[in-house]
1. Return the long-range amide H neighbours of A:Arg403 (sequence gap of 5 or more, or a different chain), with a cut-off of under 5 Å between placed amide H atoms.
2. Using θ = phi - 60° and the Karplus form 6.51 cos²θ - 1.76 cosθ + 1.60, what ³J(HN,Hα) does each residue of the range B:16-23 get, whole Hz, x for Gly and Pro?
3. With r defined as the distance between the Cβ atoms of C:Ala87 and A:Tyr275 and R0 fixed at 51 Å, what FRET efficiency is calculated, to the nearest 0.05?
4. So what is the relative contact order for the range A:90-160, in percent, with contacts set as C-alpha pairs under 8 Å and at least six apart?
5. Given H placed 1.01 Å from N in the peptide plane, which residues other than close sequence neighbours of A:Ser370 have an amide H under 5 Å from its amide H?
6. Tell me the relative contact order for the range B:7-87 as a rounded percent, counting alpha carbon contacts under 8 Å between residues six or more apart.
7. Go through the range A:22-30 residue by residue and turn each phi into a ³J(HN,Hα) via Karplus (6.51, -1.76, 1.60, θ = phi - 60°); whole Hz please, and just put x for glycine and proline.
8. Which residues, if any, in the range C:68-83 have at least 20 Å² less accessible area in the whole protein complex than in the isolated chain, probe 1.4 Å?
Amino acid sequence: MTRGVWGWITTVDHKRIGILYGVTAFVFLLVGGFEAALIRLQLARPDGAVVSAGTYNELFTMHGTTMVFLAVMPLNAAFFNYIVPLMLGARDVAFPRLNALSYWIFLFGSLFLNASFFVNAAPNAGWFGYANLTAKQFSPGANIDFWVISLQLLGVSSLIAGFNFIVTILNMRAPGMTFMRMPVFVWMTLVTQFLIVLAFPVITVGLILLLFDRFFGTNFYNPGAGGNPLLWQHLFWLFGHPEVYILILPAMGIVSEVLPTFARKPLFGYPVVVYSGMLIGLFGFGVWSHHMFTVGLGAVVDSAFAVGTMLIGIPTGVKIFNWIATLWGGRIRLTTALWFALGFIAMFLMGGLSGIMHAAPPVDMQQQDSYFVVAHLHYVLVGGSLFGIFAGLYYWWPKMTGRMLSERAGRWNFWLMFVGFNVTFFPMHFLGLLGMPRRIYTYAGGLGWDLWNLVSTVGVFILALGILVFIGNAVASLRSAAPAPADPWDGRTLEWAVSSPPPEYNFRNIPTVHHRDELWALKAGRAPVEAAPPPPREIHLPPPSFYPIVVAAGVVLAATGALTHLALVVAGALVVVFGAYRWAFEYRSSLGGGLRPPSDASPRGLRGQSPRSSGPR
Amino acid sequence: MTQHPPVRTYLLVAAVLAVITAVEVSLFYVTVMARFLAPLLIVLSAAKFSLVVMFFMHLRSDHRAFTGLFVGPLAIAIAIILALMALFGAFVVARP
Amino acid sequence: MTTPHEAVIGSTGLDHRKMGVWAFLGSECMFFGSLIATYLVYKGRSPSGPTPHEILNIPLTSISTFVLLMSSLLMVLALAAVQRGDALGARLWLFGTPFFGMIFLGFQVYEFATFVREGLTLQVNLFGASFFVLTGFHGAHVSVGVVWLLTLWTLALRNRLTRADALIVEIAGLYWHFVDIVWIVIFTLVYLIQ
Ligand code: HEM
Ligand SMILES: [Cu+2]
């Protein structure tokens with residue numbers, strides 16, 4: 001393994017890329033959290049004066065965009081990267097260099113978005129950037145340009161990762177791992193990747209039209225010239241609703257791994273959980289206009305989308321029953337991971353219920369654009385996605401770092417976050433019903449909103465304390481905690497069959513799978529223990545590559561050019577082309593005109609390793 | 001490696017494609033057909049589309065997984081086009 | 001293109017790269033689908049001209065459509081040649097395909113220039129905007145395909161494209177045919193059904 005910084009820059013190892021995703025995304029979680037804290041400070045009292053109206057607009061826009069694209073999605077990506085190949089019994093993803101490319105474009109795109117702060121032009125039209133607010137006429141600065149271009153970059157990153165993981169999951173399952181033996185986390189990852197590759201092109205087009213409006217004077221969203229701002233809303237929510245499932249399905253997958261492990265009982269109704277996940281993904285493309293009930297699309301359209309939205313609640317509810325039934329009668333070990341999973345079920349249930357409420361258009365007419373919707377989306381996104389991610393963090397931390405986390409600190413972590421979260425967001429239901437609109441930078445006293453706003457702001461600090469406890473726990477664990485065994489939780493899936501952290505090549509011999517809960521079956525003697533084949537003399541791993549970061553640098557250079565000078569666009573494009581060609585011929589040229597490398601000439605073979613960690617056999 | 005059709009099939013498919021294109025363009029000029037022009041043309045281009053996908057892209061004989069990866073998204077895309085057209089009133093026939 | 005590790009036949013017995021390209025093409029359906037939807041939604045909504053009726057040149061575009069269609073034939077011939085190990089055929093058709101692609105692009109450049117001269121621009125009305133964006137992105141896809149195929153052609157010229165590499169030709173072909181079928185749709189929906 002190449003060491004040092006260079007090793008990380010050129011790495012194509014899915015585990016390292018997973019860690020890069022995780023660390024970067026966690027930093028952006030803190031950034032987004034800081035923005036949220038400023039928002040809440042501003043709203044703590046009537047007539048707040050912490051920030052100006054303009055800054056407030058930038059804060060909520062950047063907060064939403066950061067949390068969705070730079071925190072929750074890449075935190076999920078960290079688990080996809082690290083865990084999915086291990087669960088599949090694979091040595092890496094299908095396209096290791098593309099995997100590195102996804103990460104670098106994500107990193108550069110995130111930095112690009114946040115660079116807007118330094119030139120005083122942070123995006124300010126909300127995370128869904130409704131048309132007309134984003135028109136050049138009303139927003140002449142570079143704010144929206146930063147937003148459009150960085151979203152395009154992040155989209156490219158997600159799309160590349162999407163293709164990569166679809167192929168990885170379909171095509172790199174260990175022998176014997178049929179689809180119905182795949183861990184649910186892998187299943188939910190697969191559905192998520194399909195949602196990504198199908199939903200992101202739609203917003204790409206929406207953003208292209210916006211870009212043309214702003215850069216080249218077209219009138220796609222300009223009603224003055226016959227254009228229709230509603231087209232943006234449709235394209236955005238055609239992407240946006242699948243996007244909310246992109247954010248939640250991985251958490252559902254994590255919880256479906258954590259619950260059976262700590263209830264010591266197989267997941268209840270595995271096929272139902274899988275099929276309902278697929279149904280949710282498919283229905284997700286047919287309900288987007290529930291975000292547009294107040295637009296006035298007409299009774300027929302509203303009714304159709306209301307029915308679709310309520311239908312989608314069914315597979316969602318089914319899953320909740322499955323999780324509860326998994327716990328029922330189990331021999332439960334209340335670890336922190338399980339606490340977070342339980343928190344997920346409870347909070348996601350509440351978010352789902354408020355969702356069903358505004359699935360009814362008349363109700364939504366009251367709630368749209370009020371703090372009630374803010375409460376809903378945070379119950380599903382924080383109480384749902386983020387709690388799921390924390391369950392995953394506590395569950396897989398030993399695997400990823402080779403160290404245990406403190407369970408005592410974990411308990412504090414969970415309860416502080418749980419209480420803080422509810423104190424922050426539950427009152428927002430009241431605020432919304434009391435008529436407080438979202439996205440106002442201040443309000444007059446005496447409207448009945450004062451108390452709940454103050455309570456909500458207090459909650460943020462409890463929540464932040466919980467995150468601090470996590471950071472402390474993590475640092476202490478990396479510094480001095482006891483080394484983690486290969487299988488600290490009596491796990492069911494293949495990642496627990498290898499050491500913690502796993503060796504670079506994951507599995508000495510690719511395992512053969514006979515059961516859905518393969519490791520349990522093995523440990524209980526229910527799976528055939530075959531005589532281990534002789535360990536391979538060497539294991540081929542993809543060699544490190546410099547070109548992913550070169551291509552990503554070219555892409556971001558071109559993006560920078562779009563805001564500054566055309567010459568930079570050309571330069572960036574040239575770097576991309578150069579990088580892409582060197583990439584394509586990286587192996588061919590080193591072989592001097594040959595075709596395929598002889599199979600024993602791996603640039604990075606691992607010869608004669610002692611079987612430090614044996615596979616599941 | 002999957003079995004690809006022989007060159008003769010390719011030539012035949014190309015000939016059919018050329019003929020359909022010729023028919024399409026001539027239909028455009030036949031004004032009596034104006035009322036049925038749109039549906040006819042859509043059927044004809046769908047035929048061309050399928051020929052290329054089935055024979056030139058080999059989906060007819062290739063693994064089903066590839067068909068799934070392509071046709072599923074295609075169906076969603078078509079559904080979305082139709083839905084958006086409906087939402088924007090493209091199918092509302094203006095009464096004289 | 002070929003790497004020791006990415007050229008793996010996976011658990012479905014299929015090649016990673018080919019499967020990846022099919023997934024990509026599925027995603028491209030959504031991309032072009034959204035562009036086409038935009039065009040159709042705005043059809044007839046421009047407050048002022050020029051209109052499609054006034055400006056589209058059917059004879060000219062019929063020819064370029066035909067050229068692109070035939071480039072797909074050359075593409076499958078190229079693939080068949082590489083699969084047979086027919087070096088000469090590979091060189092010929094791997095040049096012919098992008099060459100036809102370039103003819104198509106030439107037509108498109110001429111068409112765009114004429115339209116602009118006749119007053120249809122990105123800015124003038126919704127038809128101009130949605131027409132140029134839709135066909136322009138298609139043209140960009142053709143250009144990428146041309147560069148890709150010419151790269152393969154240079155490999156063939158240097159005898160570095162053998163039967164074992166048929167798959168990378170097939171993958172380029174899948175992309176190329178996809179671009180062709182998108183044009184089949186555009187030609188009908190934009191040009192013929194006005
Ligand atoms: C039972 C499932 C769900 C239903 C029925 C539902 C329903 C809805 C409805 C009708 C709205 C529009 C409210 C309005 O703007 O007036 C909405 C907004 C929203 N939902 Fe959900 N939802 C569900 C699950 C989720 C999930 C799982 C997530 C994300 C993890 C999510 C995230 C959001 C977000 C971010 C918004 C606000 C968008 C915005 O206006 O900024 N929802 N939901
Ligand atoms: Cu929604």
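1. Distant-sequence amide H within range of A:Arg403: A:Ala484.
2. 4, 4, 5, 5, 4, 4, 4, 4
3. Efficiency, from the Cβ-Cβ distance: 0.50.
4. Over the range A:90-160, the number comes to 45 percent.
5. A:Arg438
6. Contact order relative to length: 27 percent.
7. Couplings: x, 5, 4, 5, 5, 4, 6, 4, 5 Hz.
8. So the qualifying set is C:Leu69, C:Met70, C:Leu73, C:Val76, C:Leu77, C:Leu79, C:Ala80, C:Gln83.
The values are calculated or read from the model by the stated rules, or taken from the named source; none is laboratory data. The shown structure was predicted, so the numbers you read here are calculated from the model rather than taken from an experiment. Don't worry about glycine lacking a Cβ; one is built from the backbone with ideal geometry, like all the others, and counts go over all protein chains shown. Heavy atoms of the whole protein, side chains included, go into the accessibility calculation; ligands, DNA and RNA do not. Shrake-Rupley method; radii C 1.70, N 1.55, O 1.52, S 1.80 Å.
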